[in-house]
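The values are calculated or read from the model by the stated rules, or taken from the named source; none is laboratory data. The structure presented is a predicted model; accordingly, all values stated were derived computationally and were not measured. Every residue, glycine among them, receives a Cβ derived from its backbone with ideal geometry; neighbour counts consider all protein chains shown. Ligands, DNA and RNA are excluded from the accessible area calculation, which covers all protein heavy atoms including side chains. Shrake-Rupley method; radii C 1.70, N 1.55, O 1.52, S 1.80 Å.
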Amino acid sequence: MDRLDGSAHLMIVSDLDFTMVDHLDPDNLGLLRFNAMWEAYYRQDSLLVFSTGRSPTIYKELRKEKPLLTPDISIMSVGTEIMYGESMIRDEDWEQYLNQNWNREIVTEETAQFPELTPQSETEQRPHKVSFFVEKIKALKVIRFLSERLEKRGLDVKLIYSNETALDVLPKGAGKGQALAYLLEKFKVDGKMPVNTLVCGDSGNDAELFSVPEVYGVMVSNAQEELLQWHAENAKNNPNIIHATERCAAGIIQAIGNFSLGPNVSPRDIGDFQKCKVEIYNSCHEVVKFYLFYERWRRAEVAKNMQTPNLIFFPLGTFVHPSGVEQPVSHCIDVMARLHGDKQGTDYRIWVDRVSSEQVGSDTWCMKFYKWEAFGEERRGCLTTVLLSSKAKVPDGFTWMHMHQTWLEGSEPKDETTWLF
Ligand code: GLC
Ligand code: MG
């Protein structure tokens, strides 16, 4: 939360399954497009918040399966757990607050009386969330009777039905919308209210996000009937909410454009950077652009013209390979030449995460980021530090002076020969 000195330019609060992540897109292209845009244009002055129904356990599983960025804040278990930063520090005040009029034992006692309810897995049962599966045709009736019974026992609960199958029982003060309202209040007290907030969702548990005052909202094109119906009944005339025509992360990009919240062209959608002037050109964009070029180089999606890498690198620069071996840049350029097209026709992808930029001289920037590569089942990451200089031979460009990489935990490969940059 303290990463930014002032207010965030944009705060995106997005659901994960079928909103940020499209489980029907095995190439993850929508997500990779979003990632490139976020790291190039937004990471420095904006906040990324994931708000998911998943427990921390299966949220972490998803992060291993999909190329998800590291959010600034993670809200899990349908707004009952709020965690900050990469180390995911829990907001204990929030959990304390949810204890009011909440008694988990009474909830389990009462729900056990309903044979229509099938408990979800152990991982999804959380201190302030009790979750079941229930068939759509039985859901309405069960919800009505169950709330009456819990009310009679003196509990203030909230029942949320999502994905036409999942029923969550939460304290009344919980939920994705309440968690966001709590965060916004905290920002307000600190004088750091985000300039704009965009909420993004696809299913029932996201509905509350759209009723938080003064936020923009996007229901992705593939949104569930239950959310669309909620919208038709409760927010039809709100011009700040759209139903995108694009699926998942592409729908989020569409909303950024629709509400004019900032740059809305992903660097991934630019085929030739020499021909296309981008909206913002800075050191972060440079990092994103280089790795996009490098991915395309290895996938043989750019022509084998060695001029480009020669222009990017300082000829006397050094590269400290993650194995610890220092290599002259000239050697790296030779290796890169040989790797052209070695991943052609494969699922090889690169993305960068947590790009940070610090100006360390009048024309020099120190960049730090996580660089990830995925190829088949394999995934490797390196903490990367690069020194960039703007005294380039290329107009508007940067020269890559020095580079240093360290394997991220568990990333060390058996064969290090095909890792470069
Ligand atoms: C996620 C959670 C599940 C919850 C559902 C709807 O799938 O894992 O426990 O019921 O979201 O909120
Ligand atoms: Mg969802």
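Quick one: dipole size for the chain, taken about the Cα centre, charges +1 on Lys/Arg Cβ and -1 on Asp/Glu Cβ, in debye to the nearest 20.
Using only the charged Cβ atoms, the result is roughly 660 debye.
Which of CYS200, GLN254, ALA232 sits farthest toward the positive end of the charge dipole of the range 183-297, with +1 on the Cβ of Lys and Arg and -1 on the Cβ of Asp and Glu?
Toward the positive end, the furthest listed residue is GLN254.
At 1.4 Å probe size, what's the solvent-accessible area of CYS284? Round to the nearest 10 Å².
Its accessible surface works out to 0 Å², give or take rounding.
Per residue, what accessible area does the chain have, given a 1.4 Å probe and all protein chains present, in Å²?
45
If I ignore ligands, DNA and RNA and count only protein heavy atoms, how much of ASP272 is accessible to a 1.4 Å probe, in Å² to the nearest 10?
Around 60 Å² of this residue is reachable by solvent.
Which aspartates and glutamates have a Cα less than 19 Å from the Cα of LYS186, not counting those fewer than 8 places away in the same chain?
Straight-line reach from LYS186, under 19 Å: ASP2, ASP5, ASP45, ASP72, GLU81, ASP91, GLU92, ASP93, GLU95, GLU208, GLU214.
Against the globular-protein guess of 2.2 N^0.38 Å, express the Cα radius of gyration of the range 1-135 as a ratio, rounded to two decimals.
Cα Rg divided by the expected 2.2 N^0.38 Å: 1.21.
Tally up the carbon and sulfur contribution to the accessible surface of the range 159-293 as a whole percent, 1.4 Å probe, everything protein left in place.
About 47 percent, which is the carbon plus sulfur part of the accessible surface.
Over the chain, how many percent of alpha carbon pairs lie in each 20 Å bin up to the one with the longest distance?
25, 51, 21, 3
Taking the alpha-carbon distance from LYS64 and a cut-off under 18 Å, which lysines remain once sequence neighbours fewer than 8 residues away in the same chain are dropped?
Partners within reach: LYS371.
For the chain, set up a Gaussian network in which alpha carbons nearer than 10 Å are linked by springs, and say which option among GLU409, GLU226, GLU377 fluctuates the most.
Highest fluctuation of the listed residues: GLU377.
Convert 4 °C to kelvin, take the viscosity as 1.567 mPa s, use the Kirkwood radius over C-alpha pairs of the range 54-94 as Rh, and evaluate the Stokes-Einstein diffusion coefficient in µm²/s, rounded to a whole number.
Translational diffusion coefficient: 123 µm²/s.
Which one, HIS243, TYR84, GLN96, is farthest towards the positive end of the dipole of the chain when Lys and Arg carry +1 and Asp and Glu -1 on their Cβ?
Result: HIS243.
Largest first, how would PHE273, PHE34 line up by accessible area (1.4 Å probe)?
Greatest to least solvent exposure: PHE273, PHE34.
Sorting LEU227, LEU311 by accessible area (1.4 Å probe), largest first, what list results?
So, going from the largest accessible area down, we get LEU311, LEU227.
What are the ³J(HN,Hα) couplings of the range 294-300, residue after residue, when phi is run through the Karplus curve with 6.51, -1.76, 1.60 and θ = phi - 60°? Round to Hz, x for glycine and proline.
5, 4, 5, 4, 6, 8, 6
When the helix-only estimate is applied to the chain (DSSP H runs of n ≥ 4, each -39,500 (n - 2.57), divided by the residue count), what is the mean residue ellipticity at 222 nm, nearest 500 deg cm²/dmol?
Roughly -8500 deg cm²/dmol at 222 nm, from the helical runs in the chain.
Let me spell out the model: positive unit charges on the Cβ of Lys and Arg, negative unit charges on the Cβ of Asp and Glu, origin at the Cα centre of the range 74-173. What dipole size does that give, in debye rounded to 20?
480
Explain nothing, just compute: Karplus ³J(HN,Hα) = 6.51 cos²θ - 1.76 cosθ + 1.60, θ = phi - 60°, for every residue of the range 226-243 in order, whole Hz, x for Gly and Pro.
4, 6, 4, 5, 4, 5, 4, 7, 10, 9, 4, 9, 7, x, 8, 10, 10, 9
Please tell me the relative contact order of the range 290-383 in percent, rounded to the nearest whole number, where contacts are Cα pairs under 8 Å and at least six residues apart.
Contact order relative to length: 25 percent.
How would TRP351, TRP230 line up by accessible area, probe 1.4 Å, largest first?
So, going from the largest accessible area down, we get TRP230, TRP351.
With only Lys, Arg, Asp and Glu charged, each at its Cβ (+1 for the first two, -1 for the last two), find how big the charge dipole of the range 105-253 is about the Cα centre; round to the nearest 20 debye.
260
Applying the Karplus parametrisation 6.51 cos²θ - 1.76 cosθ + 1.60 with θ = phi - 60° to the phi angles of the range 44-53, what ³J(HN,Hα) value in whole Hz is obtained for each residue in order, glycine and proline being reported as x?
5, 10, 10, 10, 10, 10, 9, 10, 10, x
Here are some pairs, LYS60/LYS152; LYS66/LYS176; LYS129/LYS368; which of them have Cα atoms lying more than 28 Å apart in this structure?
LYS60/LYS152; LYS129/LYS368
Pull up all non-local amide H partners of ILE242: gap of 5 or more, or a different chain, and H-to-H distance under 5 Å with H placed in the peptide plane.
GLY217, VAL218, MET219
Which one, VAL134, SER162, GLY173, projects farthest toward the positive side of the charge dipole computed for the range 130-187 from Cβ point charges (K/R +1, D/E -1)?
Final value for the positive-end residue is VAL134.
Not counting ligands, DNA or RNA, and with a 1.4 Å probe, what is GLU301's accessible surface area in Å² rounded to the nearest 10?
Counting only protein heavy atoms, the figure is 100 Å².
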